[in-house]
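The values are calculated or read from the model by the stated rules, or taken from the named source; none is laboratory data. Since the model is a prediction, treat every value here as computed from it, not as a measurement. FYI the Cβ positions are ideal-geometry reconstructions off the backbone, even for glycines, and counts take in every protein chain you see. The accessibility values were calculated without ligands, DNA or RNA, using every heavy atom of the protein model including side chains. Shrake-Rupley method; radii C 1.70, N 1.55, O 1.52, S 1.80 Å.
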Amino acid sequence: MSSQKSRLFFYFFIILFSFALFLILFSRNQTKRTRQPREEDSFSKEEREIRRTPVVRAIEKVLPSVVNLSTSRIIDRRTSLWYRDLSKNFERTVNPRPDHGYSIGSGSIIDSSGLIVTSAHVVSQASKILVTLNSGVMYHALTLAEDVENDIALLQILNAREPFQVIQGIHPGDMMLGETTIAVGNPYGLDGTITVGVLSGIGRSLVRDNRVVFRDLLQTDTAVYPGNSGGPLINLSGRMLGMNMAVRRDAPGIGFAIPQLRLENTLANWMLPEYFSSQSLGIVPAMKSDGTVYIRKVLPGSPASQAELKEGMEIESFQSWNPHGNLLEFLRRLIRVQTGRPLEFRIAGRREAVVLTPISVQQMDGSLLAKFKLSLSLEELTPALVKALDYPFDTGVVVTDLPATLSTLGVSRGDLLIKLGQRMIYNLNDVARVLQDSSLSQGIPAYFIQVKKTPEGKVFLRERRILFRPR
């Protein structure tokens, strides 16, 4: 009996020992398996770090600030000289995207609230603009302003759910001939692309109708395609040198970009508290080629005017921050000023700081201003009217009555007022903000679109430009 128990105990011990040995061997095997991928991952990381060249780092830095622009509906606006120049001399196409319409180009996020700068010719054919971030997130956007002559437009992302990463610009004098340049387009666009080259020319001229229009274009052999047109041209620091413009058909391998200095000085006409809200500070800044930020214009009746600030005065600091060489950041700070909050400026030539307090400007009635200053009767489009007329716009301002003189110039009842000056018009408040400006004595251009439909149901548009001299 005892021997039988001994044998059972021996068998139990053998089984237990075998099981323990199995567990030890199994755990060692698992350790080897888990350790091996870690070694491979370590090797992969080291290898990837070697491959992460300055070009790769610059692209990684800037991609979150570059967007693809697309539209679900192409419209035709062919009145500008710039458009005719592009269609004649430059490659300029739109391409179908299988997911949501037509890819029309790229843009750069310049403010965390969702402001985008792009080429005016990129958005000129879009009635509805869809913005795709590098992450794949999509938003709708509106064109706030466009300067057709400079080929620059400002867009606003609608219903933003997050602060956006912004692109940083260079100091205007910080460019070197022969330095590496990268043209960046959002890769979610069908033709979105990244191309690398060098800065081969600074201060190139563009001649239009035997007249030099631009004397400051950047020339590069970096390839520019429809996918990155309107997007940034950056250096190895990931800073924006300018905005990709177009490629000449008769000169393969030569691309042009609008320099950062021209971009920022154009944006300074729009990125103002007066443009975005009913607040007024009264300063329209600008920047010289040496980086000096100065007052280009003082708005009449504003706090700046009352403080006797003058055009041409240099701004040395704003709230203890020096704006030298960084007009874009200065503009970001200007559009965030608050009514009643004092702001300290240091002005060259003045011993004491100048303190300006933004004021609230009463919003006037846009329809009354249009009637008084332009002799136009305007009404806002309703969703029902947009649907009934099949207009290619969700919102807008429609002409309901006008003088006979305008009729002879081709403007009719039912036409849409789409732009006053450089501001795009979506409602009567936009009209009021333009017409309240007391410096319109030299005239203000107005742009109207007439919507026509063929018997087959195809929609086409005719644009008219009228120069008004407000009363």
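Brief remarks on what is shown
- In the context of the full protein assembly, Val213 retains an accessible surface of approximately 30 Å², using a probe radius of 1.4 Å and ignoring ligands and nucleic acids.
- For Ser113, neighbours were defined as the other residues whose beta-carbon sits under 11 Å from its Cβ, and their charges (Lys and Arg +1, Asp and Glu -1) total 0.
- Residue order for His121, His140, His324, His171 - accessible surface, 1.4 angstrom probe, largest first: His140, His324, His171, His121
- Net length available on complete extension from Arg161 to Ser320 is 54.1 nm, with 0.36 nm assigned per residue and the Cα-Cα distance removed.
- Positive minus negative residues near Gly325 (Lys, Arg vs Asp, Glu; Cβ under 11 Å): -3
- The Gln442 and Arg215 beta-carbon pair, evaluated with R₀ = 22 Å, returns a calculated FRET efficiency of approximately 0.35.
- Taking every C-alpha pair closer than 8 Å and separated by at least 6 residues, the mean separation divided by the residue count of the stretch 372-468 gives a relative contact order of 23 percent.
- Across the accessible surface of the stretch 330-462, with the other protein chains kept in place and a 1.4 Å probe, carbon and sulfur atoms take up 51 percent.
- Accessible area per residue was computed with a 1.4 Å probe on protein heavy atoms; Glu456 scores about 150 Å².
- Estimated FRET transfer efficiency when R0 is 35 angstrom, pair Val56-Met138 (beta carbons, to 0.05): 0.85
- Greater than 22 Å apart at Cα, pairs in Lys61/Lys128; Lys387/Lys453; Lys373/Lys453; Lys419/Lys452; Lys371/Lys419: Lys61/Lys128; Lys373/Lys453
- Asp174 - accessible surface, heavy atoms, 1.4 Å probe, Å² rounded to 10: 80 Å²
- Anisotropy class of the stretch 239-322 from Cα gyration tensor, a/c 1.5 cut: prolate
- Three-way shape label, the stretch 119-179, alpha-carbon gyration tensor, a/c 1.5: oblate
- Over all other residues within a Cβ to Cβ distance under 11 Å of Gln422, the charged ones net out to -1, with Lys and Arg as +1 and Asp and Glu as -1.
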